[in-house]
1. Got a number for residues in region 63-75 being without any contact (Cβ under 8 Å) to a residue 60 or more places away in the chain and either assigned to a helix (DSSP H, G or I) or closer than 10 Å to residue 93 by Cα (or both)?
2. For region 105-151, which fully contained strands (runs of 3 or more DSSP E) count at least 2 residues that are at pLDDT 95 or above and either crowded, with 20+ Cβ neighbours inside 10 Å or in the same structural domain as residue 83 (by TED's automatic domain parsing) (or both)?
3. Being surrounded by fewer than 18 Cβ atoms within 10 Å (Cβ to Cβ) and of a type outside the set (A, V, I, L, M, F, W, C) is the filter here, so list the residues in region 76-100 that pass it.
4. Identify all residues within region 8-38 that are modelled with pLDDT of 95 or more and under 16 Å from the mean Cα position of the chain (by Cα); write none if there are none.
5. Run down 154, 189 and say which single residue is within 19 Å of residue 36 (Cα to Cα), modelled with pLDDT of 95 or more and surrounded by fewer than 12 Cβ atoms within 10 Å (Cβ to Cβ).
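The values are calculated or read from the model by the stated rules, or taken from the named source; none is laboratory data. Since this is a predicted model, take the numbers as computed values, not measurements. A quick note on method: Cβ atoms are made from the backbone with ideal geometry, for glycine too, and the neighbour counts reach across all protein chains shown.
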Amino acid sequence: MSSGESRPPNSICLLYAMNTDSIPRPKVRKQEYLRSDALRTLQLPPAEILRGRAGLLEEALASEDRQSVQRICNDIAGIIAEEFAIAVPPVTVLGVRPHRVSGGVCVYEKFGDYNFQTSQIRLWMRTALLQKVTSYGTLLSTLCHELCHHVDVVKLGFPNTFHTRGFYERAGLLYHHIRNTPVRPLIWVEQDDGTYRINWALTMGGQRAASKKNHQMRRG
């Protein structure tokens, strides 16, 4: 995911800033970007097996068992790949997130990345400064993000797998499908440079309002 820095030559990394990439100027790349931006749905595998693996992943993280976390992440990757009839991307789970500190503040932190040439996915399971095991939701979200890059490249015809609104929404659908949680409609705000960012206050506020309404309906 772009954070204002250039991408490594053969990889895509998640830095956990929810901004879209800029629309490229070359015609073919721009067309790919717009097609990705317009695609807001994703073919989803049967939920039962995925959710079973997700439960095991949560347990493995709680026990800080890196090898088990890696094995289960590869299981999930295999299930997704089978659904799309594509090669399975190997997943490696590593320790402390690569990061950079400036003036005592962490200004860069990598959560995961995807290698275009090898299809290798890497995830980091420990936070940058405190070196604590990351939350289950964060690791699963990162895995879904990188798996969607793989699906983009090898199945959907998006070789540059740009971070578009459509990309983030497809990754979100996969994440909520696996966790069995409600899908939040993402509220996008256009920025001065033509890119978009997620307004989390409005996105989460809408979810809270919907939950409150459902609760009131049940009581009524």
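1. 8
2. 112-115, 121-126
3. Matches in region 76-100: 78, 82, 83, 90, 92, 95, 98, 99, 100.
4. 20, 21, 36, 37
5. 189
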